[in-house]
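Derivation of every value follows stated rules applied to the coordinates shown; laboratory data play no part. What you see is a predicted model; the values in this text were computed from it and never measured. As a convention, Cβ positions derive from the backbone with ideal geometry for all residues, glycine included, and neighbour counts pool all protein chains shown.
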Amino acid sequence: MKKRVNLSVTNDVLTDQRVNRMARTLHDMGFEVHITGVRRKDSKPFNPPYATVKRIPLLFHKKFLFYAEFNLKLFFYLLFRKDHILVSNDLDTLPANHLAARLRRKPLVYDTHEYFTGTPEVVARPLVYRVWKSLERMLFPRQKLILTVNGSIASLYEKEYCKKLYVVRNVPLYKAPSGHIPADELSLPSHKDIIMLQGTGINIDRGAEELVMAMHPGYGIKHALLLIIGSGDVVPALKEMVKREKLEERVWFIDRIPPDELYEYTIHAKIGASLDKDTNINYRYSLPNKLFDYMMAGVPQLISNLPELESIVSKYDTGMMIKSHDPSDIAEAIKTMLSDRDRWKKWHNNSLEAAKTLCWENEEKVVQEVYRQFV
């Protein structure tokens with residue numbers, strides 16, 4: 001009989017690339033995989049071949065009541081399911097998973113996708129910080145198997161809690177460059193260079209506001225379009241900014257879409273932006289999905305001066321770094337990247353070559369090492 005694994009998340013699963021890659025790997029290892037997430041009003045149907053998906057309906061969708069209701073419902077759901085292994089993704093699912101695992105005497109794997117208590121949404125609110133930090137201090141030391149997204153975050157946790165963490169980076173499945181959907185079929189202008197910003201966490205302090213302002217005609221970027229695909233707290237404000245500054249012809253928005261569909265847009269971009277600011281410890285050590293998604297599509301990257309980003313882009317020579325988050329500096333970097341075609345071609349080729357190494361087929365070996373004991 002196959003061992004049943006249940007991965008739980010506080011999103012609707014569809015666009016969580018890391019969780020879906022984990023599920024795919026576990027399915028290929030012979031596990032029966034189930035993913036438990038949240039049902040949102042705008043959730044689209046999702047029935048992947050490698051897992052069954054359950055979305056828990058909630059009355060509350062924001063702040064404390066959202067997390068409290070979800071963990072309560074998740075706890076009882078896990079308590080009466082016949083899963084053999086539980087997987088908690090991030091601190092906001094750990095209370096329910098930890099308690100259910102203890103009561104059912106089942107193994108628990110904790111996958112922390114970020115330095116949770118260092119996020120600006122938590123740090124900016126002292127009471128919220130104290131609650132989450134208390135939960136972390138109570139639950140983190142009790143975990144036996146812990147994964148995270150990069151070496152910097154692993155080092156922070158190892159220093160704080162004296163626990164070993166496995167590093168599994170957020171890299172995509174390898175795709176060889178081949179035929180793709182033409183730009184006109186995606187309603188993209190073929191006569192403009194596309195600058196891409198993508199992600200499901202387009203939030204404050206991630207450089208999006210300054211990137212939008214850099215598209216103002218006064219900064220001199222010509223024949224270009226900023227395409228923002230995804231969701232986040234700051235997206236409504238960005239749309240207002242575009243309207244106020246009359247940038248509708250220079251900045252377009254597309255709501256979050258599945259990864260395979262997103263790739264079809266990304267491959268048409270000339271530049272992929274990742275501009276997190278060094279305003280908190282979580283962003284300082286961020287290494288987002290989009291960096292590797294850009295590489296897989298052969299799109300040179302424009303990055304901010306953060307250690308994990310700089311380490312990858314410098315090592316593989318796949319893009320350039322901004323001087324500052326001033327819109328004028330961002331605009332100058334974009335103009336440099338677009339005008340130096342020889343250098344752009346080098347970054348493009350280096351990105352495609354780096355993608356052969358920075359792919360899930362290599363990274364999943366760590367996942368297999370962790371879960372092999374349960375097969």
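Figures for the structure shown
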{"item": "Pair Asp90, Met321: separation of 7 Å Cα→Cβ label points (nm)", "result": "2.8 nm"}
{"item": "Charge-dipole axis of the chain as Lys and Arg at +1 and Asp and Glu at -1 on Cβ define it, positive-most pick from Phe31, Ser187, Tyr219", "result": "Phe31"}
{"item": "Unit charges on C-beta of K, R, D, E only; dipole of region 84-136, Debye", "result": "380 debye"}
{"item": "Under 5 Å, built H, 5+ apart or other chain: amide partners of Tyr166", "result": "Ile146, Leu147, Thr148"}
{"item": "Violating pairs (Cα-Cα greater than 25 angstrom) within the set Lys323/Lys356; Lys106/Lys356; Lys133/Lys315; Lys239/Lys290; Lys63/Lys243", "result": "Lys323/Lys356; Lys106/Lys356; Lys133/Lys315; Lys63/Lys243"}
{"item": "Theoretical gain in end-to-end length, Glu160 to Lys73 [0.36 nm per residue, Cα-Cα removed]", "result": "28.3 nm"}
{"item": "Fraction of antiparallel bridges per DSSP, the chain only, in percent to nearest 5", "result": "0 percent"}
{"item": "Inter-probe distance in nm under a simple model that places probes 7 Å from Cα toward Cβ, at Val370 and Arg244", "result": "4.2 nm"}
{"item": "Net dipole in debye of the chain [+1 Lys, Arg Cβ; -1 Asp, Glu Cβ; about Cα centre; nearest 20]", "result": "1660 debye"}
{"item": "Within straight-line cross-link reach of Lys2, aspartates and glutamates at Cα separation under 14 Å, skipping those fewer than 8 residues along the same chain", "result": "Asp28, Glu32, Asp83"}
{"item": "All aspartates and glutamates inside 12 Å of Lys41 as judged from Cα atoms, apart from same-chain residues fewer than 8 positions distant", "result": "Asp12"}
{"item": "Ranked by how many other beta carbons lie within 10 Å on average, peptides 245-251, 93-99, 35-41, 123-129 from highest", "result": "93-99, 35-41, 245-251, 123-129"}
{"item": "Chain lengthening between Lys41 and Ser339 when straightened (0.36 nm per residue, less Cα-Cα)", "result": "102.9 nm"}
{"item": "DSSP-loop trypsin sites (Lys or Arg not before Pro) across region 288-352, with at most 15 other Cβ within 10 angstrom", "result": "Lys323"}
{"item": "Prolate/oblate/rounded label for region 107-174 (Cα gyration tensor, a/c 1.5)", "result": "oblate"}
{"item": "Crossing angle, helix 341-355 versus the chain [Cα axis fit, 0-90 degrees, rounded to tens]", "result": "20 degrees"}
{"item": "Over the chain: helical MRE at 222 nm, DSSP H runs n ≥ 4 each giving -39500 (n - 2.57), nearest 500", "result": "-12500 deg cm²/dmol"}
{"item": "Estimated FRET transfer efficiency (Arg104, Lys356; beta-carbon r; R0 45 Å; 0.05)", "result": "0.60"}
{"item": "Nearest 10 degrees, 0 to 90: helix 63-80 Cα axis against the chain principal axis", "result": "50 degrees"}
{"item": "Which of Gln17, Leu103, Ile146, positive extreme of dipole for the chain (C-beta unit charges)", "result": "Leu103"}
{"item": "Equivalent ellipsoid semi-axes - Cα gyration tensor, the chain, angstrom", "result": "36, 22, 20"}
{"item": "In degrees, nearest ten, helix 126-139 long axis to first principal axis of the chain (Cα)", "result": "50 degrees"}
{"item": "Relative packing of peptides 297-308, 77-88 - highest average C-beta neighbours within 10 Å first", "result": "297-308, 77-88"}
{"item": "Rounded if a/c under 1.5, otherwise prolate or oblate - region 183-355, Cα gyration tensor axes", "result": "rounded"}
